[in-house]
Amino acid sequence: MIEVYVKNNRNYENNGDMTLMPTACTVELSLNGTAELELEHCIDELGRWKYLKNDNVIAAPTSYSKKQLFRIYNCIKTETSITVYARHIFFDTAGEMLIDVRPTEKTAEEALNIILSRTKYKAKTNIKRQSTAYYVRKNILEAIAGDDENSFINRWGGERMYDNFTIVINERLGGDYGACAEINRNATGIEADINAEDIVTRIIPEAYNGYTLEGEKPWVDSPLLGNYANPRAAVIKFEDVKLLEDCQNGEEGFSSIEALREELKRRCEKEYENGLDKPTANYKIDLVEISDTDDYKDY
């Protein structure tokens, strides 16, 4: 069932203000944080379509949940239909501002609890590593997943998904849960898109103030280097890796160039752990409904 709540109705445990009968509804999800809904509804005589307004919330099933909340941010109406676009309710955290929050040498769980401490939002994570980050005049969404070097994703890593008012950030999401897509069983076609364009197998790291690794080979090679015809080199700058003498305003740094270079090596290895040396893969699978087949006739 797909429902809509008017913007001032926050009783999401109850039924919505109107049940929708959309002609189409798709949800786009990805491990890098995309969570968007697109819904098309006819201009019906009962006036269901009138509830599809900016800031109202759509409750819809997804691949991992019977009910996820999406807030409408764009509406396009024609004479016969209305199409709306909505982002997951967790994106409301863009309106929650951190004035000066500095989780220092904290685990991922501790850092997330600090970031979300004054909000109704929660977080779950299985990441154990410790790190430090500074959030000055940043909204929560920026603090967690922004492009800034201090963002949680850049400091602690992980893949993320949203479960209504909870964000889940784990080392890896997904796994083998027994579900399968198989030709001649429940799949009519599979399209594989394997892209190797952005692979890096040789990182030349650069710290703040231009410090690099020493020697004639100032780089860190991927353990998968030999899997490809040629090395794929790239310079990656880690501007937050600093010597103490370059730090200011309470920043943390390394007391020696040797320690700084060890940190550069660790950061490179972390990039490889996060998949920089692997191709990206997207699969489009056309599934058929098997509940009506002979395999399920007794259920």
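The values are calculated or read from the model by the stated rules, or taken from the named source; none is laboratory data. Note that this is a predicted model, so its numbers are computed, not measured. Ideal geometry is used to build each Cβ from the backbone, glycine not excepted, and the neighbour counts take in all protein chains shown. Quick note on the areas: whole protein, heavy atoms, side chains included, nothing else; ligands and nucleic acids left out. Shrake-Rupley method; radii C 1.70, N 1.55, O 1.52, S 1.80 Å.
The figures follow:
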| item | result |
| --- | --- |
| Accessible area (Å², per residue) of the chain, counting only protein heavy atoms and a probe of 1.4 Å | 61 Å² |
| Antiparallel bridges, percent of DSSP beta bridges restricted to the chain (to nearest 5) | 80 percent |
| Modelled FRET efficiency - R0 45 Å, ILE257 with ASN195, Cβ distances, 0.05 increments | 0.75 |
| Reach of LYS50 by Cα under 22 Å, taken over lysines that are not fewer than 8 positions away in the same chain | LYS7, LYS67, LYS77 |
| Principal-axis tilt of helix 257-273 within the chain, Cα atoms, nearest 10 degrees | 30 degrees |
| Label point distance in nm, ILE76-LYS122, each placed 7 Å from Cα along Cα→Cβ | 3.8 nm |
| Accessible surface of the chain, 1.4 Å probe, proportion on carbon and sulfur as whole % | 44 percent |
| Estimated [θ] at 222 nm from DSSP helical runs (n ≥ 4, -39500 (n - 2.57)) normalised by residues in the chain, nearest 500 | -3500 deg cm²/dmol |
| Where a label projected 7 Å from the Cα of LYS278 along Cα→Cβ would reach, residues of segment 153-169 with amide N under 13 Å | 158-159 |
| Neighbourhood charge, 15 Å Cβ-Cβ cut-off, centred on LYS106 and excluding it, Lys, Arg +1 and Asp, Glu -1 | 0 |
| Selection from TYR85, TYR73, VAL101 lying farthest towards where the dipole of segment 1-108 points positive, charges on Cβ | VAL101 |
| Within-13-Å neighbourhood charge of VAL168 [Cβ basis; K, R +1; D, E -1] | 0 |
| Added length on full extension, which subtracts the Cα-Cα distance from 0.36 nm per residue, ARG129 to LYS217 | 28.8 nm |
| LYS50-LYS265 FRET efficiency (beta carbon distance; Förster radius 51 Å; 0.05 resolution) | 0.30 |
| Label-zone membership for segment 192-230, site ILE285, 7 angstrom Cα→C-beta point, backbone N under 15 Å | 192-193 |
| Segment THR34-LYS67, extension gain: residue separation times 0.36 nm, minus the distance between their alpha carbons | 10.2 nm |
| All lysines inside 18 Å of LYS217 as judged from Cα atoms, apart from same-chain residues fewer than 8 positions distant | LYS237, LYS265 |
| Surrounding net charge for ILE76, when Lys and Arg each add one and Asp and Glu each subtract one, Cβ distance under 14 Å | -1 |
| Length added when fully stretched, ASN139-PHE165, from 0.36 nm per residue minus Cα-Cα | 7.8 nm |
| Within straight-line cross-link reach of LYS128, lysines at Cα separation under 17 Å, skipping those fewer than 8 residues along the same chain | LYS106, LYS270 |
